[in-house]
Amino acid sequence: MSETNPRGGTVDDAEIAKFEAMAAEWWDPSGKFKPLHMLNPCRLDYITAQIAGHFARDLSSRLPFEGLRLLDIGCGGGLLCEPMARLGAEVVGVDAAPRNIPVAEIHAAQSGLAIDYRVGTAEALAATGERFDVVLNMEVVEHVADPPAYLAACSALLRPGGLHICSTLNRNAKSFVMGIVGAEWVMRWLPKGTHDWQKFITPDELSALLRSAGLTPVDRTGMVFNPVQWTWSLSDRDLSVNYVTAAVKPEA
Amino acid sequence: MAHDADILIVGGGLNGPALALALAGEGLSSVVIDAQPAAARAAADFDGRAYALAIASRRLLAHLGLWERVAAEAQPILEIKVSDGRAGEGPSPFWMHFDHAEIEEGPMGHMVEDRHLRPALLSAMEAAPDVTTLSGETVASQEVGPGGVSVTLASGRRLTGALLVGADGRSSGVAERAGIGRTAWGYGQTAVVCAVAHERDHGGIAHQFFMPGGPLAILPLAGRRSSIVWSEREGRAADLLALDDAPFLDALRPAFGSFLGEIAPEGARFGYPLGLSLAQSFAAARVALVGDAAHGVHPIAGQGLNAGLRDVAALAEVLGAARARGEDVGAEDVLERYARWRRFDTAALAMATDGFNRLFSNDNPILRAVRDVGLGVVGGVPWLRRLAIREAAGLTGELPRLMR
């Protein structure tokens, strides 16, 4: 835990190093990042529905997110940035691991998408005064050293009336079995040590953290893996392992 | 890179245009590349070809705005009678009878003639803003890149898209160029297809007789006409196709029977060699296959076009959902969703029709006894009969949204 880490943020250096080691095969759906690719449609269903609902956009139109400025924190190879750009959003992706940025840039160029990728942290970006309509904060908060400071930065990055979408893992016996034992030890979806169960956050804890950061939680939804169909789906009831939340920054 | 269209579709038969229309409804643009010149496709004289559209297929056509254009000319299939026959002996005492009154969805299917369906598709395509048709063009080569796929036409024109769809039949060039292998075998049979006019009303009843040389289907068309699909061993079929009308009718009568009165030929006769041709995969990098390009099945149960339209509806649904999420519609994991959905259904259908044909196209007395009992069992057990009706109507399995 290093509050005074050299990058000037609250991201834990050891956590960054782990992801740097994984950064090459981002876009191979059956490669190292298979678990993220499997989860992606489910995350995107939630994100697109929340943005469309909050900003009254029609997802059947060609560029429903045109005119919205969106930030993806911990953008990795661009698995969320590219879909958002394809739907018309003006997208900035930041990642604390420098090695991810060229990977993401090369892939965006191949896909014919203009995306502004930067090395950095939420805290550093907030300090520059940049503001966004939407902040995506997916599977990051369980990796940061200081969640309250991190979420305060996320909140500062939003314009009044902006939307904050945040997913993480619940902390309970089941999430230990599924998220650590299952995903890391048995299935080998993630390298051992990817997650620290102690850092997982319950939905109520996250709601409280979001409120302290000046955001108003408006939705929480489970993301559930079905081992028979081998797919993820959204669930109103089952938030026991993976879940995602939406929160709004009040109008000034 | 700005693509010419989201999706490039090779094949202007029925599945390709239907897919283009379904994709337009999902907000995806397409170019349909058709080897036939425009004039040949627009020809509207009756050539004897007709399709048995299952309920699910009819719903797809309704969603695409096509059903209202063909409904007036369509003949509902109210009953199906299946029996085992041997020329000169008449049908066996065991047979299956399926009546639409046993399921709630109305007629089990409709017979629609090619001369009505094809122009309906063409005019709907002309009206669709996101559909472009290139007629009289063939694909010379295709190339997959990281951000898209391109095809070079024989005319030298080059087109790019996010995804290339092969709707180009059982000898699909798209599949071959993508390196997708095929498993194919023939049955040594040819289907002789034609239409006949008859004296008496058919009452909306479809008949299937299992003859030693192959099945004979008599399918009701609007008015006092029926479509004939007569499968025979290759040599015999070639002879039948070569005959003049009068001797052809003489050959048909003993099998057809006299229950519809006097019969007379209508339109031309076509021969379709029968065989199973399965692509080893539904998809490759930025390539997807639909219809016969993915699975040419034995047309024994009239399921060829219905299975193709099911591919169309499933692919349009998968791609539409991917587009709305902002996903790359040509991405490997997107195409895998389509492939996984269709793989199981198709393998089951191919095995069922193949097995059915091997069992029935045979004069072996033991097999004949077995199938007579089998028909009697399916025909005699109500829930089994209802299941068979729902299967024939295309209402089983995981139905795409456009078919619900």
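The values are calculated or read from the model by the stated rules, or taken from the named source; none is laboratory data. As the structure is a prediction and not an experimental result, all values here were calculated from the model. Cβ sites come from the backbone with ideal geometry, for glycine too, and all protein chains shown count toward neighbours.
Here are some notes:
- Residue list for the stretch A:166-200, filter: part of a loop (DSSP other than H, G, I, E, B) and over 24 Å from A:LYS34 (Cα atoms): A:ASN172
- Residues within the stretch B:267-281 that are assigned to a strand (DSSP E or B) and closer than 13 Å to B:SER172 by Cα, tallied: 3
- Qualifying residue in the stretch A:76-88 (condition: modelled with pLDDT of 95 or more, surrounded by fewer than 20 Cβ atoms within 10 Å (Cβ to Cβ) and more than 10 Å from chain B (Cβ to nearest Cβ)): no
- Taking the stretch A:49-73 as the range and being crowded, with 24+ Cβ neighbours inside 10 Å, out of contact with any helix residue (DSSP H, G or I) (no Cβ under 7 Å at 6 or more places or on another chain) and more than 11 Å from every other protein chain (Cβ to nearest Cβ) as the test, only A:LEU71 passes.
- Being modelled with pLDDT under 95, more than 30 Å from B:PHE210 (Cα to Cα), out of contact with any Leu (no Cβ under 9 Å at 6 or more places or on another chain) and within 14 Å of another protein chain (Cβ to nearest Cβ) holds for only one residue in B:ALA35, B:ALA2, B:ALA39, and it is B:ALA2.
- The set of residues from the stretch A:25-45 being more than 10 Å from chain B (Cβ to nearest Cβ) and in contact (Cβ under 8 Å) with a residue 40 or more places away in the chain comprises A:TRP26, A:PHE33, A:PRO35, A:LEU36, A:LEU39.
- Residue that is surrounded by the fewest Cβ atoms within 10 Å (Cβ to Cβ) [pool: residues in the stretch B:5-20 that are more than 14 Å from chain A (Cβ to nearest Cβ) and either among the aliphatic types (A, V, I, L, M) or within 24 Å of A:SER111 (Cα to Cα) (or both)]: B:LEU14
To keep it simple, each residue is scored yes or no on (1) buried (at least 22 other Cβ atoms within 10 Å of the Cβ); (2) over 22 Å from B:VAL297 (Cβ atoms); (3) touching a residue at least 40 places away in the same chain (Cβ under 8 Å).
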| site | (1), (2), (3) |
| --- | --- |
| B:MET125 | no, yes, yes |
| B:GLU176 | no, no, no |
| B:GLY179 | no, yes, yes |
| B:GLU199 | no, yes, yes |
| B:ARG233 | no, no, yes |
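- Summed over the stretch A:25-70, the residues that are outside any loop (DSSP other than H, G, I, E, B), within 15 Å of A:ALA85 (Cβ to Cβ) and touching a strand residue (DSSP E or B) at 6+ places or on another chain (Cβ under 9 Å) give a count of 5.
Yes/no matrix, rows are residues, columns are (1) part of a strand (DSSP E or B); (2) farther than 24 Å from A:LEU68 by Cβ; (3) in contact with a Pro (Cβ under 9 Å, 6 or more places away or on another chain):
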{"residue": "A:VAL91", "(1), (2), (3)": "yes, no, no"}
{"residue": "A:PRO98", "(1), (2), (3)": "no, yes, no"}
{"residue": "A:ILE101", "(1), (2), (3)": "no, no, no"}
{"residue": "A:HIS107", "(1), (2), (3)": "no, no, yes"}
{"residue": "A:TYR150", "(1), (2), (3)": "no, no, no"}
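- Those residues of the stretch B:247-268 which are of a type in the set (Gly, Ala, Ser), within 26 Å of the chain's Cα centre (by Cα) and closer than 15 Å to B:GLN208 by Cβ, in sequence order: B:ALA255
- Among residues of the stretch B:318-334, those that are touching a residue at least 12 places away in the same chain (Cβ under 8 Å), assigned to a loop (DSSP other than H, G, I, E, B) and either at positive phi or at the interface with chain A (Cβ under 7 Å from one of its Cβ atoms) (or both), counted: 1
- Residue count for the stretch A:89-113 satisfying the condition of being more than 12 Å from chain B (Cβ to nearest Cβ) and aliphatic (A, V, I, L, M): 7.
- Count of residues meeting criterion [among the acidic types (Asp, Glu) and over 28 Å from A:ARG159 (Cβ atoms)] in the stretch A:206-252: 2
- Residue match in the stretch B:21-28 (condition: in a helix (DSSP H, G or I), modelled with pLDDT of 90 or more, surrounded by 24 or more Cβ atoms within 10 Å (Cβ to Cβ) and touching a His at 6+ places or on another chain (Cβ under 8 Å)): yes
- Scope the stretch A:137-174; condition farther than 21 Å from A:ALA246 by Cα and either aromatic (Phe, Trp, Tyr) or in contact (Cβ under 8 Å) with a residue 12 or more places away in the chain (or both); matching residues: A:ALA145, A:ASN172, A:LYS174
- Members of the stretch A:201-224 that are aliphatic (A, V, I, L, M) and either crowded, with 17+ Cβ neighbours inside 10 Å or in a helix (DSSP H, G or I) (or both): A:ILE201, A:LEU206, A:ALA208, A:LEU209, A:LEU210, A:ALA213, A:LEU215, A:MET223, A:VAL224
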